[in-house]
Structures are given as C-alpha cells and as structure tokens.
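Notes for the one structure printed next.
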Amino acid sequence: MLTAVAAALLASSIVIPPGAPNTTPPPDHLTIEIVTVNGSGCPAGTAAVAVSEDNKAFTVTYSDYLAQVGVGALPTDFRKNCQLNLRVNVPQGFTYGIAQADYRGFAHLERGAYAVQKANYYFQGMSQNDAATHRYNGPHSDGWQATDTTELTAIVYHPCGEQRNFNINTELRVYPGTSDTATTTSFVSMDSTDGAIDTTYRFSWKTCP
C-alpha cells in the first residue's frame, strides 16, 4: 500500500501537456451526480451511476428499461427512452471527453421482428453528437452489445473552467415486422435482473491550461 509521501510523488510524476489528449486519468477520484432523469425507460429510482476506481470510465445501470410488442404489451411499450443529466465533478486542472460508449442488454425477438437501439450524448449548451443506431433482427434470444467509438480528433471535451452538465440520451424500439403479435411477444432491454448489465462510457482526458 502506498504511503502518503509515495502517493504524492506518484501524483506529481503524472504530467500531461496542457490540451493534449491522454488516457492517463487524474490521480484524484472524480464523482458523478444524477441531476435529472426523464423518460419511460428510466422511472425514478431505476437508474444508477458509478465511477470506476481508476477514473477511466463510468457506468450507468438500469433496472426497468424494456421495450416490447405483442402479447401483454401496451401500444406505447414498443418505444422506451431515457434522458440523463449528469454533473461530473472532475479534479481541478483536468477536463474530459467521451472516447467510447459500450451498451449492453438482452433481447428476445421472434422471427420477423426487429429492435433498434439509439444513443447520443453532449455537454449542456453545446451541439449534440450524431446519434448512433444499431439494429438487431429476429429470431434472436440472447444478449446484445453495441460499441460507439469516437476518433481522437473528433472527441468533444468539456470546456475548461465552465459548468456544463453532461447529457445522455438513449432509446430502445421494437417493431413486430412480420411476426404474429397476437400469439408472441418480442422485447429488448437495457437492464438485467442481477444488475450485471450496464452501459459504460470511457473517458479521454486533457489537462487544462
């Protein structure tokens, strides 16, 4: 275990040129708070955020995010969405962007049915990034995974010295297609009964001038 002196020396040895992207995170732990949460896919109390111990990523876990069509489904259940507004408390002297987002869930799609997952994120008051869309065709009854990666030169960073919350918009849709909705049910979820499935956002770091 590091002594206080050793930890201070280690922290002082982490040097990133101002404005240069780097995978090395700040030595001090950051925190994230959910400011607002809205949407049919994340009723109050069903979304949680956690930061990795190494400051390289954060995860969002959902416990009631499911879209479905067919037997037992309401007409509005085919589409579910969630809008998260997050306050990311970054150690002084650093700023961040999102280099990669990993989305996971489970889907049961009857033959002829298909599902669509869509997501984007942006800083408050700034332009939204292009929404990435992924399609999954039935028959399918297994987990699904989608990864959206941003080129290093295209990563948008939080402006240094400003207070701007981070917004995440996600959406799930299920379409019956040629499946028989009178006798079958198709669904797609971005949650897990054991909480093991979550979405992961991987940071890219910069030091501020």
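The values are calculated or read from the model by the stated rules, or taken from the named source; none is laboratory data. Small disclaimer: the values here were computed from a predicted structure and weren't measured. Counting neighbours? That spans all protein chains shown, and the Cβs are built from the backbone with ideal geometry, glycine included. Just the protein is used for accessible areas: all its heavy atoms, side chains included, with ligands, DNA and RNA removed. Shrake-Rupley method; radii C 1.70, N 1.55, O 1.52, S 1.80 Å.
Keeping to the range 134-149, report how many residues are modelled with pLDDT under 95 and either more than 19 Å from residue 174 (Cα to Cα) or not aromatic (Phe, Trp, Tyr) (or both).
The qualifying residues number 7.
Go through (1) outside any strand (DSSP E or B); (2) open to solvent by 50 Å² or more (accessible area, probe 1.4 Å); (3) in contact (Cβ under 8 Å) with a residue 12 or more places away in the chain; (4) out of contact with any Gly (no Cβ under 7 Å at 6 or more places or on another chain) and name the single condition residue 111 misses.
(4)
Go through (1) assigned to a strand (DSSP E or B); (2) within 30 Å of residue 177 (Cα to Cα) for residue 73 and report which single condition fails.
Here residue 73 meets the rest and fails (1).
Conditions tested, residue by residue: (1) closer than 18 Å to residue 115 by Cα; (2) in contact (Cβ under 8 Å) with a residue 12 or more places away in the chain; (3) surrounded by fewer than 20 Cβ atoms within 10 Å (Cβ to Cβ); (4) in contact with a Ser or Thr (Cβ under 6 Å, 6 or more places away or on another chain).
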{"position": "35", "(1), (2), (3), (4)": "no, yes, yes, no"}
{"position": "48", "(1), (2), (3), (4)": "no, yes, yes, yes"}
{"position": "56", "(1), (2), (3), (4)": "no, yes, yes, no"}
{"position": "60", "(1), (2), (3), (4)": "no, yes, no, yes"}
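Pull up the range 114-151, narrow it to residues that are under 30 Å from residue 95 (Cβ atoms), of a type in the set (D, E, K, R) and part of a strand (DSSP E or B), then point me to the one that is least open to solvent (accessible area, probe 1.4 Å).
So the residue we want is 148.
What pairs come up if the first residue lies in the range 155-169 and is among the aromatic types (Phe, Trp, Tyr), the second is assigned to a loop (DSSP other than H, G, I, E, B) and at pLDDT 90 or above, and their beta carbons are under 9 Å apart, counting only those six or more places apart or on different chains?
Listed by first residue and then by second, the contacts come to 166/124; 166/158.
So, in the range 71-89, of the ones that are open to solvent by 70 Å² or more (accessible area, probe 1.4 Å) and β-branched (Val, Ile, Thr), which residue ends up farthest from residue 48 (Cα to Cα)?
Residue satisfying both the conditions and the ranking: 71.
Answer with yes or no whether residue 193 is closer than 19 Å to residue 59 by Cβ and either open to solvent by 50 Å² or more (accessible area, probe 1.4 Å) or at pLDDT 90 or above (or both).
When the stated conditions are applied, residue 193 passes them.
Restrict the check to the range 170-183 and report whether at least one residue is closer than 30 Å to residue 95 by Cβ and either surrounded by 14 or more Cβ atoms within 10 Å (Cβ to Cβ) or in contact (Cβ under 8 Å) with a residue 12 or more places away in the chain (or both).
yes
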